[in-house]
Amino acid sequence: MLIAAAVCPHPPLLIPAAFGAAASDPPPTLSAVGDACAVAVRALAAAEPDLIAVVGGGPADREYEADAAGSLGEFGVPVTVGEGEPVLPLSLTVGRWLLGQAGIGAGPAGPGRGQRGNGPPGRRPQVLLQAVDQRAPAGDCLKLGILTAERAPRVALLVMGDASARRARDTPGAPDPQAQDYDDEVAEALTAADARWLGRLDPALDDELMVAGRAAWQVLAGAAAGTRMHGRLLCMANPYGVTYLVASWEEPGAD
């Protein structure tokens with residue numbers, strides 16, 4: 001059952017090492033996005049899930065082991081997460097990096113989930129890395145979400161995906177009403193934890209608006225079906241013409 005979710009973007013520039021010597025001083029807008037991602041991912045751990053599933057777009061549906069490696073070398077960023085041959089797509093590479101930053105490792109789960117508050121430490125959740133075909137129809141994404149939510153009694157999702165990048169291909173700074181409307185509506189759905197709205201996103205707009213997150217968001221919609229969640233939009237920014245959304249979903253009264 002889904003008990004929490006975090007929605008984060010996956011630009012390579014989210015990782016400070018991408019800035020080389022300036023790693024300690026990334027651009028303020030990206031710094032704000034990174035800070036929001038950290039808050040959202042920490043909230044997943046605070047929910048004490050049995051399983052954290054990192055979901056992101058890729059060339060095909062594929063489940064990876066929790067210790068699978070990913071690299072940002074093809075983007076000119078000297079960062080590798082995990083050991084062994086890098087096999088993870090960009091979305092899961094950045095997602096696994098975010099988990100590591102929050103102290104959520106890929107090791108085996110501990111003996112038992114502890115209590116909230118000042119009780120004994122809970123066990124480490126299991127980690128699943130799940131790629132979803134970025135071109136998959138909505139129905140397939142929703143089914144994958146339902147199946148993922150059924151994998152443990154308490155499931156949390158880290159959902160990786162960028163919103164529209166269409167403004168990046170047009171004149172810098174020029175408004176793109178269609179892209180802006182799309183991003184605003186997704187932001188509203190994330191704020192309201194509206195799984196039905198996310199489930200109705202049109203895959204035909206992915207290429208037109210250069211949206212990388214639609215399939216992963218619809219996996220979230222499937223996982224959240226039949227549940228009641230409280231949503232918070234933690235950040236919305238569009239540096240370099242790409243819109244990044246960061247949101248947190250939790251059970252009502254969880255805090």
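The values are calculated or read from the model by the stated rules, or taken from the named source; none is laboratory data. Everything numeric in this text was worked out from a predicted model, so none of it was measured. Because the Cβ atoms are built from the backbone with ideal geometry, glycine has one as well, and the counts that use them run over all protein chains shown. In case anyone asks, the SASA skips ligands and DNA or RNA and just uses the protein heavy atoms, side chains included. Shrake-Rupley method; radii C 1.70, N 1.55, O 1.52, S 1.80 Å.
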**Asked** Out of region 137-168, which residues are under 11 Å from GLN218 (Cα atoms) and open to solvent by 10 Å² or more (accessible area, probe 1.4 Å)?
**Response** PRO137, ALA138, GLY139, ASP140, LEU142, LYS143, LEU144, ILE146
**Asked** Quick one: what pairs do we get from region 68-85, first residue open to solvent by 70 Å² or more (accessible area, probe 1.4 Å), second modelled with pLDDT under 85, C-beta under 9 Å, 6+ apart or different chains?
**Response** PHE75/ALA18; PRO78/ALA17; PRO78/ALA18; PRO78/GLY20
**Message:** For the list (1) over 18 Å from VAL41 (Cα atoms); (2) modelled with pLDDT of 95 or more, I need the number of the one condition that GLU250 fails.
**Reply:** (1)
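Yes or no, residue by residue, for (1) in contact (Cβ under 8 Å) with a residue 60 or more places away in the chain; (2) open to solvent by 60 Å² or more (accessible area, probe 1.4 Å); (3) within 25 Å of ARG151 (Cβ to Cβ); (4) in a loop (DSSP other than H, G, I, E, B):
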position: ARG196; (1), (2), (3), (4): no, yes, yes, no
position: LEU201; (1), (2), (3), (4): yes, no, yes, yes
position: ASP206; (1), (2), (3), (4): yes, no, no, no
position: GLY222; (1), (2), (3), (4): yes, no, yes, no
**Prompt:** Within region 87-107, can one find any residue that is more than 16 Å from GLN130 (Cα to Cα), in contact (Cβ under 8 Å) with a residue 12 or more places away in the chain, among the hydroxyl-bearing types (Ser, Thr, Tyr) and not in a loop (DSSP other than H, G, I, E, B)?
**Reply:** no
